[in-house]
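Participant: Encoded as structure tokens, here's the structure I'll be asking about.
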Amino acid sequence: MNQKAQYIFSVLTLMASAFGESSGENSDGVVPLDSPEIFKTQPFPDWLHAFTGLNAWPDENPPYIPLEFIDFENIVSDPRREFGTCPPDRSTCSFDCYKCISYDDAYTCPKLSQTFDDGPSPSTPKLLKALTHNTTFFTVGLNVVKYPEVYQQIQQKGHLLGLHTWSHKFLPSLSNEEIIAQFQWSIWAMNATGSHLPKWYRPPYGGIDNRVRSIARQFGMQAVLWDYDSFDWKLESVPPQRTESEIYSDVQKWRHKTWSPAGLILEHDGMPKTVNAGIEISKIIGPDQLTVAQCVGGIDYIRTF
Ligand SMILES: [Zn+2]
């Protein structure tokens, strides 16, 4: 497992352990606002039972459910590849290998703006309390149904919610059906929890090629990539591979790289240290930031209910 994959694993493990705790009360018997005790799993909706025949949210390998609007003839046939491997040339337009951008990818912003991946998590509420501007959260479906109240807090604060797949898989390694399942279950989780259909998705690890894009487009979604990677997840590795001051120094450089601060920064709200870094970065940049939809003058959601 590489460092990034290890970080994701530890996020999922931490969430699982927090979720299973029986008591989060303090000495006053009061459950703190950010206690796992307040987190209740999103109920599996009747409409989804009627459509899928299932009775519960799936595990990290969600089943493929056929959708009538998906046309397999319109899926590009780029070869599958494992995490950490690259195609021999740029023809598949991979972002993770070649930083390749397609015509409908959102990848930058006229104002330097933060974005947060991998939540919602027990650490997210602290970030929500500290932010003085709207931002964008790309959420993992498994976490959306595990922490629906945190998801709704993000929504109520006016932030933009995007999709980060159901279980954070490296999409180019999956079959077409498996990619569809990663999208459809994540969309259903967001619909059940936030009553909206996402317009924007960020592929885990930046793992994208024209095959992934051609599937996402059939859901009406567009990819969001980034200009600057904070590598904030390295704060959580043991021993830490990056310090807070290194990250903040990078942010200062990014602020002065263009005549006016511009670009999208990749961050995470899955763990305490990345959230603390996010709060500090927010102070460094200030509140003059945009959501991804505002960056490109696009809509927030395909539909809200
Ligand atoms: Zn991620």
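Participant: Looking at (1) surrounded by fewer than 21 Cβ atoms within 10 Å (Cβ to Cβ); (2) more than 16 Å from the ligand (Cβ to nearest atom), which is the only condition Phe231 fails?
Facilitator: So Phe231 meets the others, but not (2).
Participant: What are the residues in segment 188-212 that are under 16 Å from the mean Cα position of the chain (by Cα), more than 16 Å from the ligand (Cβ to nearest atom), surrounded by fewer than 21 Cβ atoms within 10 Å (Cβ to Cβ) and within 20 Å of Asp105 (Cβ to Cβ), if any?
Facilitator: Leu197, the sole residue that qualifies.
Participant: Taking the conditions exactly as written (assigned to a loop (DSSP other than H, G, I, E, B) and open to solvent by 10 Å² or more (accessible area, probe 1.4 Å)), does Trp226 satisfy them or not?
Facilitator: So Trp226 passes the test.
Participant: So, in segment 168-187, exactly how many residues are closer than 25 Å to Pro45 by Cβ, in a helix (DSSP H, G or I) and within 14 Å of the ligand (Cβ to nearest atom)?
Facilitator: 2
Participant: Looking at segment 128-139 only, could you name the residues that are within 16 Å of the ligand (Cβ to nearest atom) and either open to solvent by 30 Å² or more (accessible area, probe 1.4 Å) or over 11 Å from the mean Cα position of the chain (by Cα) (or both)?
Facilitator: The one that is within 16 Å of the ligand (Cβ to nearest atom) and either open to solvent by 30 Å² or more (accessible area, probe 1.4 Å) or over 11 Å from the mean Cα position of the chain (by Cα) (or both): Thr135.
Participant: Restricting to helices (runs of 4 or more DSSP H) lying wholly in segment 1-98: which have 3 or more residues that are open to solvent by 70 Å² or more (accessible area, probe 1.4 Å) and modelled with pLDDT of 90 or more?
Facilitator: Those helices (runs of 4 or more DSSP H) span 46-52.
For every residue, the table says whether it meets (1) more than 22 Å from Asp78 (Cβ to Cβ); (2) open to solvent by 10 Å² or more (accessible area, probe 1.4 Å).
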| residue | (1), (2) |
| --- | --- |
| Gly141 | yes, no |
| Gln152 | yes, yes |
| Ser173 | no, yes |
| Ile179 | no, no |
| Gln218 | no, yes |
| Glu244 | yes, yes |
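Participant: Tell me, which residue of segment 262-305 that is acidic (Asp, Glu) and outside any strand (DSSP E or B) is surrounded by the most Cβ atoms within 10 Å (Cβ to Cβ)?
Facilitator: Out of the qualifying residues, it is Asp269.
Participant: Take the residues of segment 99-127 that are in a helix (DSSP H, G or I) and away from the ligand (no atom under 16 Å from the Cβ): which is nearest to Gln156 (Cα to Cα)?
Facilitator: Top of the filtered list is Pro125.
Participant: Considering only residues of segment 150-167 that are farther than 18 Å from Phe305 by Cα and touching a residue at least 40 places away in the same chain (Cβ under 8 Å), which is nearest to the ligand (Cβ to nearest atom)?
Facilitator: Looking at residues that are farther than 18 Å from Phe305 by Cα and touching a residue at least 40 places away in the same chain (Cβ under 8 Å), I get His164.
Participant: Exactly one of these conditions fails for Thr108: (1) over 20 Å from Phe183 (Cα atoms); (2) open to solvent by 60 Å² or more (accessible area, probe 1.4 Å); (3) among the polar types (S, T, N, Q). Give me its number.
Facilitator: Failed condition: (2).
Participant: Quick check: is even one residue across segment 291-304 touching a residue at least 60 places away in the same chain (Cβ under 8 Å) and farther than 25 Å from Leu197 by Cα?
Facilitator: No, the conditions are met nowhere in segment 291-304.
The values are calculated or read from the model by the stated rules, or taken from the named source; none is laboratory data. What you see is a predicted model, and the numbers here were worked out from it, not measured in a lab. Neighbour counts run over all protein chains shown; Cβ positions are idealised from the backbone, glycine included. Ligands, DNA and RNA are excluded from the accessible area calculation, which covers all protein heavy atoms including side chains. Shrake-Rupley method; radii C 1.70, N 1.55, O 1.52, S 1.80 Å.
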